[in-house]
Structures are given as C-alpha cells and as structure tokens.
Amino acid sequence: MILALATKTLVSHIWRPPPISTKDHNRCHCFHRFPSFNLSFLPVLRTKYTVLDPFADPPDPSFPTLFKSARVMLCFGPKPVTSEDLDRYPSLEYILGTSAGINNFDLAACRRRGIRVTSAGDVYSVDVADYAVGLAIDVLRRVSAADRFVRAGSWPVQNEYTLGSKVSGKRVGIVGLGSIGSRVAKRFEAFGCSIAYNSRKQKPHVSYAYYANVKDLASNVDVLIVCCALTNETHRIINKDVMTALGKTGVIVNIERGPLIDEKELVELLVRGEIGGAGLDVFENEPQVPEPLFRLDNVVLSPHKAVLTLDSFAALEELIFSNLEAFFSNQPLRAEVELD
Amino acid sequence: MQIKSLWACIFNRHVKQTSDDTSILNRYWKQPRPSEFLSQHAQTIRAVVGNATAGADAKLIDALPKLEIVSSFSVGLDKIDLTKCKEKGIRVTNTPDVLTDDVADLAIGLMLAVLRRICECDKYVRRGEWKFGDFRLTSKFSGKRVGIIGLGRIGLAIAKRAEAFDCPIKVMDALGPSGVLINIGRGPHVDEPELVSALVEGRLGGAGLDVFEKEPEVPEQLFGLENVVLLPHVGSGTVETRKDMADLVIGNLEAHFANKPLLTPVV
C-alpha cells in the first residue's frame with residue numbers, strides 16, 4: 001500500500017507511454033482547466049504532442065500562433081466547456097474529459113460542430129463504489145464520530161459509546177444502476193443486504209427489484225445511494241419528498257454530484273432529525289459545506305475525493321494516452337460519449 | 001420467580017430494561033465498596049452476567065458459593081475462568097452468531113476508513129481545510145490482499161465481504177510498512193506497545209483498532225496519527241445486535257432456572 005503525498009498536482013504513476021522521436025505540430029492540444037488544477041503527467045504528454053496551456057507561467061509563446069489549429073482539447077477537472085470556448089478553437093475535433101461525469105460540457109454545441117467527446121469512462125468506478133460503501137458503513141456504525149470520541153479522551157469518562165445501526169441485512173436502494181451503481185450493489189450483497197434500484201429504464205438481466213420512480217424506491221429502502229449522472233433531468237432528483245419517504249432512520253449517501261440533492265432541504269431534515277443520517281462526498285457549491293452539518297454526528301463529510309487514489313489516476317493516464325493515440329491513428333475511442 | 005444475579009459491568013439501557021423484568025439485579029459496577037457488597041450478598045447470588053471487559057474470574061467465583069451460571073454478554077470468553085467453572089459445575093453461556101455480522105461489517109468499515117482516510121477527510125472538512133486545497137490521494141481498497149487471523153464465524157464473514165471487493169484472502173504472514181492491521185478481536189491478541197511503536201515509527205502502514213489491552217485506555221501516541229482509526233469497542237454496538245445479545249443472555253438465565261436446556265452453552 002503506497003500513500004501518495006500529493007497537493008493539487010496529481011502524482012504520475014509508473015506507467016509510461018512508448019517513446020516517440022518526432023513531434024508533429026498537427027498533434028496539437030489545448031489544455032482546458034481551472035488555474036488551480038494541474039496534471040503532473042503533462043511533461044510526458046509534451047514529449048509526444050504540442051500542448052498549449054492558457055495558464056502556463058511564464059506564458060507559452062506559441063499559444064497565440066498555434067491555438068487556432070488545436071485539434072484536441074484536454075479538459076481537466078470540472079471547468080465548463082461552453083459554446084464560446086469551442087468558438088475560440090475552430091479546428092477542434094475531439095474533447096477528452098477526465099471525469100466520469102460530462103455535465104460540464106455543452107454537448108449540444110459539440111454535436112452541432114461534429115466534435116467527438118470521451119470521458120473517463122469507468123476508470124474511477126471501483127474506487128467510487130468502495131467509497132460509497134465506506135461512507136454508508138461509517139454513517140450507520142458511527143465510525144468517524146466514534147473515532148473523534150476516542151481521540152477526545154471521552155471513552156474513560158463516558159464508558160459506553162452510542163449504539164449504531166446494523167449494516168448487514170439493510171435494504172439498499174441505488175439511484176442509477178450504471179458502472180458505479182452495479183459495483184455498489186455487488187458489494188452490499190455480500191453484507192446480506194437486499195438491493196433495489198431506480199434507473200431511466202429497467203435493466204433486462206438484473207434480478208434486483210426495480211422502482212420506476214425515486215420516491216417509491218426511497219419508501220422501500222433503509223439506505224439510498226445516489227449513483228446517477230447529473231443531467232437536466234436528474235437535477236435535484238433527491239428532493240424533499242424523496243428524503244421524507246426515506247424516513248427518520250433512513251441514510252443517504254452521495255458520491256456523484258452535489259446538485260443531485262436539494263441540499264438546503266437535506267440540511268434542514270438532518271438538523272430536525274427527520275432523516276437518519278448522510279454520507280456526503282459532494283456538495284452544491286464546493287468547497288463550501290453547510291456549517292450546520294459540522295455539529296452532527298450522524299453525518300460524514302468528505303471533500304470530493306471518492307476518485308482520489310493512485311490506482312484511479314494511473315488508469316486515467318493510461319486511458320488518456322491510449323485515446324490520444326487512437327484519435328490520431330483513426331482507431332476507435334474508448335469511453336466515447338454518445339451525442340445523438 | 002425472581003433470580004438474584006450479579007451484573008458485573010455497565011450495560012446499555014436496552015439490556016437493563018429487559019433484565020429488570022426478569023430478575024433482581026445487583027448492580028455490581030455501581031457499588032462503592034464491591035468486596036463488602038459481595039460478602040453481604042454472597043449466599044444469595046446464583047448467576048453472574050459479564051461482558052467483554054468484566055466477567056467471572058477465579059476470585060469472584062470463589063466469593064459466590066451459590067453460583068450456578070455465568071451468562072456472558074459477549075462471544076469472547078477470555079474474562080471467565082472456564083476451568084474453574086468446569087470444576088465447580090458452573091454453567092457458562094455466551095452470545096455467538098448474533099454479533100458475527102456486526103463485527104465483520106465493522107472490520108470492512110475499518111479497512112475502508114483507514115485506506116481511504118474517511119475519518120481524516122471528515123475532520124479535514126469540519127476544520128475548514130477544504131477551502132484551501134484538495135485532500136491527498138489515498139489507497140485503493142478493492143483488490144488488496146486481506147489476511148485474516150482466525151477463520152471462525154467472524155473470520156469467514158469478513159472473507160465473504162472482502163471477496164465482493166475482489167480482495168484475495170491470504171494466509172497471514174508478517175505485515176510490512178505498507179500493511180494495515182485491523183483488530184476487532186481482543187486487545188491482548190496484539191502486542192500493544194510494539195504496535196504503537198511500529199505505527200509511530202512508520203514500520204506499519206496503518207491500523208483500525210476497536211479493541212485495546214486496557215480498555216477504556218487507549219495509547220495517546222495514537223491520537224495524532226492520521227493512518228489510524230480508533231473505536232471504543234463497538235464491534236457489536238448496534239441497537240439490533242445488542243437486543244439480540246440481551247435476549248440470549250436473559251434467555252439462557254431463564255432456561256437454566258427453569259431446568260430447561262441452555263440456548264448457547266459453552267460449559
């Protein structure tokens with residue numbers, strides 16, 4: 001087990017792409033990101049491609065001449081890609097996203113311009129599924145709260161800690177049975193949990209109970225895990241009705257996107273004790289986290305790190321290099337987003 | 001019929017409620033002068049209820065000449081002098097199976113909490129540190145080799161869960177500097193001073209500990225370590241399981257005093 005000490009720069013894993021002797025200025029990319037995000041395998045990318053970075057410090061002298069011929073955009077992190085961004089790069093043919101979610105892209109604009117888009121696919125799915133289970137166990141068994149209790153020196157004074165709630169045998173509801181949701185289901189099954197789900201469409205070869213709407217799902221489970229992508233349709237899919245249906249002993253876990261839950265309602269319900277607890281890795285306005293949650297022991301808070309493992313980023317690096325090579329050699333792309 | 005039984009340790013509210021219905025209790029742990037209390041009641045106490053921290057050692061057994069049964073609110077029997085009980089024909093019961101799931105669940109929870117730094121991240125957010133930067137990369141859990149010491153009911157339940165994370169189950173050997181130790185058994189299974197130095201000196205990658213040598217004392221050198229999760233012996237600490245355990249403890253006592261077969265006899 002290796003604990004990587006990384007700041008905002010992600011540590012490059014040991015995988016290296018095959019060496020290349022010539023750089024073709026046709027293979028030119030622009031690097032689209034918020035200034036604070038950085039990719040430590042950028043130097044390796046630069047050995048194969050010309051990479052234009054609008055936030056390079058000192059500024060990249062070739063940027064003004066070359067950016068109009070950039071054919072690929074590497075979008076790192078959650079920075080939106082708007083129609084205006086696409087106007088700026090008229091030669092763009094392909095956008096490489098590095099998140100599993102693609103809610104930050106103007107896909108309609110991409111479709112109009114015939115620009116192909118790939119995401120991170122399922123490179124993060126295993127780690128995110130593990131994390132969802134870890135958060136659920138933590139909330140139900142009060143692991144973080146009990147750890148604080150011990151470190152505060154309270155055990156010798158109070159002798160017994162508050163009882164938690166059994167994980168095994170709980171009814172687990174999964175909103176969105178995709179790459180992450182299906183892995184979450186498999187893990188909870190080993191705990192003797194029954195699985196039910198909601199998805200856009202019922203899955204034909206899946207034996208779990210299906211609910212066509214999220215409120216019905218919430219009424220019939222003890223733990224609700226939000227595993228669906230953020231789209232216009234799923235914005236605030238977890239609303240007050242759903243959370244009320246989940247009930248006073250119900251637990252909700254969100255490892256996808258903050259805006260999937262009506263956060264203001266969630267906070268009120270938690271503070272009033274009308275919902276049993278929550279494990280949250282994502283929030284509406286990161287890194288802002290509603291302060292009333294800080295006082296609650298039945299809530300576990302996490303700084304959007306369900307994907308942050310060395311293994312996930314090694315897999316991401318491999319996918320990026322593989323897709324770039326595939327694009328320039330007219331081979332099929334992996335994790336391509338359907339734009340139709 | 002009300003049976004006089006000695007309750008050796010503190011119990012949570014549920015158990016006390018159940019037991020108030022069925023027996024007169026002498027709350028031993030509340031007595032300011034325990035040995036006086038014992039001599040006062042020695043001739044009438046016929047049952048002792050203990051748990052993972054306080055049971056029936058040779059001294060207590062000798063002090064209670066009318067003792068017939070020790071019903072333990074635990075599955076572990078290390079606090080009961082079983083040899084002495086056998087010699088004196090004293091019955092012993094515990095609470096197997098009902099807590100297997102809880103302990104196994106917590107073992108997996110601890111592995112995830114340590115490897116993915118869940119508790120540390122929660123503190124990071126609560127301290128307001130997220131505003132200044134992301135948390136660091138942590139270690140993937142799925143696929144890690146899991147070594148289990150003791151493949152009894154709990155060990156097997158842990159293995160079943162770990163397999164769903166594609167973790168191969170291995171025969172235990174020495175842990176190295178990237179290894180993580182999870183102890184949900186008993187504190188004395190591990191050399192605690194050695195464990196503490198290994199963690200402080202970085203010779204061991206991390207630990208998830210629910211049990212300690214001298215509970216409720218926890219070595220303070222561990223409090224500052226972010227690769228360690230510390231829990232106050234909550235392995236079976238859920239409302240559901242403690243109720244099931246309490247039902248077994250009371251059920252065993254009732255069976256004994258009604259001359260019926262014990263539910264979960266050990267001796």
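Readers should treat all values here as calculations from the given coordinates under stated rules, not as data from a laboratory. Everything quoted here is computed from the prediction, not taken from an experiment. Virtual Cβ from ideal backbone geometry, glycine too; neighbours counted across all protein chains shown.
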Seminar exercise, completed: Per principal axis, largest first, the Cα atoms of region A:58-109 extend in Å by 33, 24, 16
For this session: Quote the relative contact order of chain B in percent (integer), defining contacts as alpha-carbon pairs under 8 Å separated by 6+ residues.
Result: 20 percent
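Among B:86/B:214; A:201/B:131; A:201/B:123; A:79/A:264; A:48/B:144, which pairs are too far apart, with a Cα-Cα distance over 29 Å? If you can, show how the numbers build up before the last one.
Details: B:86/B:214 27 Å; A:201/B:131 39 Å; A:201/B:123 39 Å; A:79/A:264 24 Å; A:48/B:144 34 Å.
Going by Cα-Cα distance, A:201/B:131; A:201/B:123; A:48/B:144 fall outside the 29 Å limit.
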For this session: Give me the percent of Cα-Cα pairs in region B:32-177 that sit more than 21 Å apart, rounded to a whole number.
Result: 62 percent
Exercise. Taking each residue of B:220-227 in turn, how many C-beta atoms of other protein chains fall within 10 Å of its C-beta, and what is the average?
Worked result: 2
Exercise. Computed over the Cα atoms of chain A, what is the convex hull's projected area averaged over all directions, in nm²?
Worked result: 19.8 nm²
Problem set entry | About the Cα centre, charge dipole magnitude for the protein assembly as shown (Lys/Arg +1, Asp/Glu -1 at Cβ), debye | 460 debye
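Could you please rank A:216, B:62, A:311, A:340, placing first whichever residue has the fewest other Cβ atoms within 10 Å of its Cβ?
A:340, B:62, A:216, A:311
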Problem set entry | region A:137-225 - Rg over Rh from alpha carbon coordinates, Kirkwood radius | 1.14
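For every other residue with a beta carbon closer than 15 angstrom to the beta carbon of residue B:229, add +1 if it is Lys or Arg and -1 if Asp or Glu, then tell me the sum.
0
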Exercise. Which three extents, in whole angstrom, do the alpha-carbon atoms of region A:126-301 cover along their principal axes, largest first?
Worked result: 55, 34, 28
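Just checking the output field for B:143-149: average partner chain Cβ neighbours within 10 Å of each residue's Cβ? It would help to have the intermediate numbers written out before the result.
Details: counts 3, 1, 1, 0, 0, 0, 0.
Taking the mean over all residues of the peptide, I get 1.
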Seminar exercise, completed: In degrees rounded to 10, the 0-90 angle between helix A:310-328 Cα long axis and the longest Cα principal axis of chain A is 30 degrees
For this session: From other protein chains only, count the Cβ atoms within 10 Å of every residue's Cβ in A:184-197, then give the mean.
Result: 3
Exercise. From Cα coordinates alone, what are the radius of gyration and Dmax values for region B:91-184 in angstrom?
Worked result: 16.3, 61
Exercise. What ranking of A:50, A:118, A:249 emerges when the number of other C-beta atoms within 10 Å of each C-beta is taken as an exposure proxy, fewest first?
Worked result: A:249, A:50, A:118
Seminar exercise, completed: Ranked by GNM mean-square fluctuation in chain B (Cα springs under 10 Å), the top entry among B:146, B:103, B:200 is B:200
For this session: May I ask for the distance between the Cα centers of region A:117-147 and region B:64-105, given as a whole number of Å?
Result: 38 Å
Problem set entry | For the protein assembly as shown, the fraction of alpha-carbon pairs in successive 20 Å shells from zero, as % | 18, 45, 26, 8, 2
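In a shell of Cβ-Cβ distance under 14 Å around residue A:262, excluding residue A:262 itself, what net charge do Lys and Arg (+1) and Asp and Glu (-1) give? Write out the running numbers ahead of the final one.
Values: positive: A:215, A:236, A:240, A:257, A:264; negative: A:241, A:263, A:265, A:268, A:274, A:284.
Net charge in that neighbourhood comes out at -1.
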Exercise. Taking only the alpha carbons of region B:121-267, what extent do you get along each of the three principal axes, in Å, biggest first?
Worked result: 66, 36, 32
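Given a cut-off of 24 Å, what percent of all Cα-Cα pairs of region B:23-112 lie beyond it?
Numbers: 1130 of 4005 pairs.
The share of Cα pairs beyond 24 Å in region B:23-112 comes to 28 percent.
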Exercise. For the peptides A:166-177, A:185-196, A:84-95, B:112-123, what is the packing order when you average, over each peptide's residues, the other Cβ atoms within 10 Å and list the highest mean first?
Worked result: B:112-123, A:166-177, A:185-196, A:84-95
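If you count, for each residue, the other Cβ atoms within 10 Å and average over each peptide, how do A:198-204, B:47-53 line up from highest to lowest?
Details: A:198-204: 13.6, B:47-53: 23.4.
Result, highest mean Cβ count within 10 Å first: B:47-53, A:198-204.
Restricting to bridges with both residues inside the protein assembly as shown, how much of the DSSP beta-bridge set is antiparallel, in percent to the nearest 5? Display every interim value, and only then the final one.
Numbers: 2 of 70 bridges.
Antiparallel: roughly 5 percent of the beta bridges in the protein assembly as shown.
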Exercise. Which of the GluC sites (Glu not before Pro) across region A:250-340 are loop residues per DSSP, with 13 or fewer other Cβ within 10 Å?
Worked result: A:338
Problem set entry | Sorted peptide list for A:285-296, B:237-248, A:138-149, A:237-248, criterion being average Cβ within 10 angstrom, highest first | A:138-149, B:237-248, A:237-248, A:285-296
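About the Cα centre, and with charges only on the beta carbon of Lys, Arg (+1) and Asp, Glu (-1), how big is the dipole of chain A? Nearest 20 debye, please. Could you put the intermediate results ahead of the total?
Working: 38 positive and 38 negative charges, 77 e Å.
Here the size comes out at about 380 debye.
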Problem set entry | Distance histogram for chain B (every C-alpha pair counted, 5 angstrom bins, percent rounded to whole numbers) | 1, 5, 11, 15, 15, 14, 12, 9, 8, 5, 3, 1, 0, 0
